[in-house]
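What follows is a single structure, written as structure tokens, with notes after it.
The values are calculated or read from the model by the stated rules, or taken from the named source; none is laboratory data. On a predicted model such as this, the values are computed, not experimentally measured, just so you know. Glycine also receives a Cβ, built like all others from the backbone with ideal geometry; neighbour counts cover every protein chain displayed.
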Amino acid sequence: MKKKFNILAINPGSTSTKIAWFENEKKIFEKNIHHSAKSLEKFNTIWEQYSFRKNEVVRTLEEAGFDLSKLDAVVGRGGLIRPIPSGVYVVDEQMIHDARIAYQGQHASNLGCVIAYSIAWEYNIPAYIVDPPAVDDFEPLARISGHAKIPRTSLFHALNIFATARKFASDHKKRFEDLNLIVAHLGGGITVAALKNGKAINVNNGIEEGPFTPERSGNLPILKIIDLAFSGQYTKDQLKKMFVGKGGLVSYFGTNSALEVENMVKAGAERYKLVYEAMAYQIAEEIGARSTNLKGKVDAIIITGGLAHSQMFTDWIKERVEHIAPVYIYPGAQEMEALAAGALRVLRGQEPAKRYGVKTPKIGILYWDNIEAYVKAINYIEDYFRTHGYIFRKENSNLEIFYANCEADETKARQNLENLISKNVDLIIVIGSTASSLAAQYLKNSDIPLIFAGLYSKDVLSGIDWSKEPKFYASVYGLPVDLQFEKTILKLDPQIKRIGVTYKIGELQSNIEHDRIREYCSQKGIKCLSFDVQTHDDLQEAAKFFEAEDVDWVYLGSDTIIATATTKQLETITKHFPTLCALQDTVHHGGLVAYHVSWQEVAELAANFAVKILNGLEIKTHILSPQNHYITANQNTAKLFNFDFSKLENVNFVS
Amino acid sequence: MDIFQLMRQTNNYELTFYEEPSVSLRAIIAINNTVLGPVLASTKIFNFNNFEKAANAALSMAYYNTFRSALLKTQFGGGSIILCGDPKKVKNEFYLRALGIYINKFAGKIFIARGSDLTEEDIHYIWRETDYVLGADELYLKHALSPAQATAKGMIYGLKAAVKDQFSKDDLSGLTFVVQGVDNIGYHIIEELLKFDNVNVIITDRIYDKIKEIQDRVPDVKVVRPGEIFKQKCDIFISSTFDNNLTPEQAEQLNTKILTSSVNNLIDDPQTQKIIAEKNILHVPGYVINGGEIILFESEFYGSEPDSVEQKLFEIYNITLSLLKTAKEQNISVNQAAINTAKQYLENISAIKKLR
């Protein structure tokens, strides 16, 4: 069954805070909490409104009967923080700091991230923002303003513009990233964006550029502004307010209500019609400009926002721009849905959450040696990242991976770890038990999360108390010895009396495995005859020893000698004795049978830990083993021995 | 739990339960010792899961409050008031006035005072029903100190003594501090710490609003999640939370030289004590250094000038230094040295009083 995620979306506006509770995509509660002018006037800055607005949000939800502890994530509308590419971002301290200092200006949306963070903090769940107004995907040409001291900056209705563009793409069964679109958001502010392959390569700055709006002036003749500024009649703040807040329709008619103005137009007021149509005229002009940014290759023009409800207004725009591309109207704003959808994409692992202030997350992959199983694990981990939206080793990478081969050498392993630390990696995935044991000891007091991929068992990390290592995670492959025997040998050969066991002294996981087998065999009355293999050449000696001891079976362990042995090297044992193998790969190399987990699933569990850490998601269980167990047998080897494999459940034969 | 056995263990002679359902008031008052004078009860409002735990907390607080008073040689006895419930929800005028009526029943044997869980407004409501209240507005005007500020200031003096002992330094500059819990006292501790040059402060709290309040004022403090706080490398770890004692698992994670708390006693089980000792961490129990508020209330009750309050707060430095010395000389814990010293003082006063 599809997991149900509870998401709280918070969208602070100038005089209200809109909240909505979603169960997956379904909005089950929405409220626009209005804040009276009187309740807000006591605050000097928007940031000071934090406690007031947060308490209102929490009170409203509690009164509506919602239990906040049921939430999986909180998502807020991001504010005028530093310019960032579009996407979903984990709220962090740096973002809070930038919202606090109003990095790109005061705006109610600056509270979105901090209110979300605050609620999420108390329930230990992630907080996100989605496509904040500060999204900046500008192409280099778009940054040039015309004066060296004044660069252009991107500030627009990114949330609704991206959400509407995504909806358009979905409605037309196209990939959003494959389209060239012009999207105009028409509200109290008006911004018109050129979207090329999912990026807003140019857009008018919603505060200081573009068409005039119900309350903002947009582009103005510059020299006349300088005259006004030095006329001595206005302070800096008064001038700012004159153009942002009291500009546009407000400056002509004293109202920011487009509806009121439209009603006057309908009543025949000529001056109202002239100014109102001029607003549409300027918007069309802006759309025309955006079409040049896309070199005329425009798939569609989309008009959205509150003003898009007016057919009169959109018709005025349409008649001037439909020669460029078909025009589609999506009235209103879907901001709450867009916020929840963004959070949901991350929670479902469909899109990686980005890290604010961190250009690209970095991870390290440390492995003991070029062993086939480890290389496979790296491939599985990489595939997992790819299917979760990560791109690496490419120009548009959103993840940097550092690979560190220890070359089966402890000194080299330590050097690698030092090197990864110096690269400021966000986490390290350590493959295999030997490297894991070293890394655990070496980074015990470090803050870097360590993910042990393919650990034989948690006991391999001797001296580590897992309850005290909140940054350690492990995917475990070793299955209990009793299960391995009962699912294989004891069904094929219930009369077994003597078993040979290979192991490697000096490898902790091998020794643990060996001890467990001895203990189990002693309980079952099976005589256990062990042989230490330090090199591949020892395998021949081992075979002679087992021959002399007249063993019925041989257990081929998970030590590095067996793991790296070729089919040929293993033949001295596998062709003469029925073998139970700790590793699936050993069966591929001629071993008879293995009861095992999937190495791919082990690697994917580790990658899942990593993706969760990068996305700021809570991890409840730090040690996991794949749920599925398999029996694999070698068809060719099976022919050498006279066992009835039909006694085993669901055997997967390989040759 | 045998409540009488627990009372004997903590030397408490009176434990009172009071309930007024009409205002959802549930109070537990423990009286430990009145040899030095009337009880100045620390008051805590806390959402306890069960009354056994609440009674236990009341007895423990009262027990250490007696020692705290004795170490500072104040004229207050030791006791405590535990109010059960969510501080955000239970308090209102009627609740607080009902509490005042209850305090009145003790006829001056116990005084309730403004503190981290009772605001100035709360105290005014209690005052309408009883005179046995400390924490008048005038007090703060006169000394320019709130009880939490006085406690924080006193703790800083105590920490200076610990730093002198451990690092041979005369001030706290250049050191790294962890403050776990930034409610009221924690907030003022941070305020005091930041008066020193180049201090690094790492904070956490279960409630983000409190963290934000500090960050808005001091953006440089480092914030970590509550679960990560014990692992932070620091010189001094200050716990300023009331809800839990240090567990052995948390003690294992500590990476500090000095450990203290704004609560009376952070460590109540032998295993944790053992771990702290093995890790060579100097544990200065909270009650040794957190008596700033009593000094302030004593000045209100018995009358004294701001200079004298400041002087008595500074005395915490000397008391702590002396206890650290005793502990070293006698090869005992600071806690044991403090208990021995306090008990001796109480016995001496008790003996004198018999002369009357």
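Some observations on this one:
- In the range B:304-334, residue surrounded by the fewest Cβ atoms within 10 Å (Cβ to Cβ) [restricted to those that are assigned to a helix (DSSP H, G or I) and β-branched (V, I, T)]: B:T326
- The residues on offer are A:G112, A:G105, and the sole one that is closer than 19 Å to A:N55 by Cα and more than 13 Å from chain B (Cβ to nearest Cβ) is A:G112.
- Residue in the range A:122-134 that is modelled with the lowest pLDDT, counting only those that are buried (at least 24 other Cβ atoms within 10 Å of the Cβ) and either within 11 Å of chain B (Cβ to nearest Cβ) or on the phi > 0 side of the Ramachandran plot (or both): A:D131
- Checked against (1) more than 16 Å from the chain's Cα centre (by Cα); (2) under 18 Å from B:G227 (Cβ atoms), B:Q180 meets all criteria but (1).
- Candidates in the range A:221-251 are the residues that are surrounded by 13 or more Cβ atoms within 10 Å (Cβ to Cβ) and in a loop (DSSP other than H, G, I, E, B); of these, the one that is nearest to the chain's Cα centre (by Cα) is A:G245.
- For the range A:310-328, the condition of being within 30 Å of the chain's Cα centre (by Cα) and either modelled with pLDDT of 95 or more or closer than 14 Å to A:I129 by Cα (or both) holds for none of the residues.
- Condition met for A:A165 (part of a helix (DSSP H, G or I) and in contact with a helix residue (DSSP H, G or I) (Cβ under 7 Å, 6 or more places away or on another chain)): yes
- Residue selected from the range A:427-480 under the condition free of Cβ contacts under 8 Å to residues at least 40 places away in the same chain and surrounded by 23 or more Cβ atoms within 10 Å (Cβ to Cβ), by the criterion farthest from the chain's Cα centre (by Cα): A:L461
- Those helices (runs of 4 or more DSSP H) lying entirely in the range A:418-498 with at least 2 residues under 24 Å from A:K362 (Cβ atoms) and away from chain B (no Cβ under 14 Å): A:433-442
- Condition check for A:G78: in contact with a helix residue (DSSP H, G or I) (Cβ under 7 Å, 6 or more places away or on another chain), touching a residue at least 40 places away in the same chain (Cβ under 8 Å) and either more than 14 Å from chain B (Cβ to nearest Cβ) or at positive phi (or both): yes
- Test result for A:I505, within 14 Å of chain B (Cβ to nearest Cβ), in a loop (DSSP other than H, G, I, E, B) and under 30 Å from A:L420 (Cα atoms): no
- Residue list for the range A:180-193, filter: within 10 Å of A:E286 (Cα to Cα) and not β-branched (V, I, T): A:A184, A:A193
- Sole exception among (1) buried (at least 22 other Cβ atoms within 10 Å of the Cβ); (2) in contact with a helix residue (DSSP H, G or I) (Cβ under 6 Å, 6 or more places away or on another chain); (3) assigned to a helix (DSSP H, G or I) for A:F546, by number: (2)
- Test: residue in the range A:499-506 that is of a type in the set (K, R), in contact with a His (Cβ under 8 Å, 6 or more places away or on another chain) and closer than 25 Å to A:G432 by Cβ: no
- Flag if A:N398 is at pLDDT below 85 and at negative phi: yes
- Considered as a group, the residues in the range B:261-279 that are in a loop (DSSP other than H, G, I, E, B) and of a type in the set (D, E, K, R) include one that is farthest from the other protein chains (Cβ to nearest Cβ), and that residue is B:D268.
- Only helices (runs of 4 or more DSSP H) whose full extent lies in the range B:169-260 are considered here, and the ones with at least 3 residues that are within 12 Å of chain A (Cβ to nearest Cβ) are B:208-217, B:248-253.
- Flag if A:L427 is touching a Pro at 6+ places or on another chain (Cβ under 9 Å), modelled with pLDDT of 90 or more and within 30 Å of A:H576 (Cβ to Cβ): no
- Scoring A:P85 on the criteria (1) under 18 Å from A:G342 (Cβ atoms); (2) within 14 Å of another protein chain (Cβ to nearest Cβ); (3) surrounded by fewer than 18 Cβ atoms within 10 Å (Cβ to Cβ) leaves a single failure, condition (2).
- Being over 18 Å from B:N335 (Cα atoms) and within 14 Å of chain A (Cβ to nearest Cβ) is a description that does not apply to B:I294.
- From the list A:V74, A:V58, the one residue that fits, being β-branched (V, I, T) and in contact with a strand residue (DSSP E or B) (Cβ under 7 Å, 6 or more places away or on another chain), is A:V74.
- Residue count for the range B:68-104 satisfying the condition of being assigned to a helix (DSSP H, G or I) and among the acidic types (D, E): 1.
- From the options B:I101, B:I81, B:I112, residue that is in contact with a strand residue (DSSP E or B) (Cβ under 7 Å, 6 or more places away or on another chain), farther than 17 Å from B:Y287 by Cα and not hydroxyl-bearing (S, T, Y): B:I112
- Looking only at residues in the range A:92-102 that are surrounded by 24 or more Cβ atoms within 10 Å (Cβ to Cβ) and more than 10 Å from chain B (Cβ to nearest Cβ), the one that is farthest from the chain's Cα centre (by Cα) is A:A99.
- Residue list for the range A:211-220, restricted to those being over 16 Å from A:K240 (Cα atoms) and either of a type in the set (G, A, S) or under 31 Å from the mean Cα position of the chain (by Cα) (or both): none
- Restricting the range A:7-27 to residues that are of a type in the set (D, E, K, R) and free of Cβ contacts under 8 Å to residues at least 60 places away in the same chain, the residue that is farthest from A:A333 (Cα to Cα): A:E23
- Subset of the range A:198-239 (residues that are among the hydrophobic types (A, V, I, L, M, F, W, C) and touching a residue at least 24 places away in the same chain (Cβ under 8 Å)): A:A200, A:I201, A:V203, A:I207, A:F212
- Matching residues in the range B:328-356 - criterion: being free of Cβ contacts under 8 Å to residues at least 40 places away in the same chain, within 22 Å of the chain's Cα centre (by Cα) and more than 14 Å from B:Y287 (Cα to Cα): B:Q344
- Within the range A:606-637, the set of residues being of a type outside the set (G, A, S) and either at pLDDT 95 or above or over 30 Å from A:R345 (Cβ atoms) (or both) comprises A:H629, A:Y630, A:I631, A:T632, A:N634, A:Q635, A:N636, A:T637.
- Among (1) modelled with pLDDT of 90 or more; (2) assigned to a strand (DSSP E or B); (3) hydroxyl-bearing (S, T, Y) - the single one B:T43 does not satisfy: (1)
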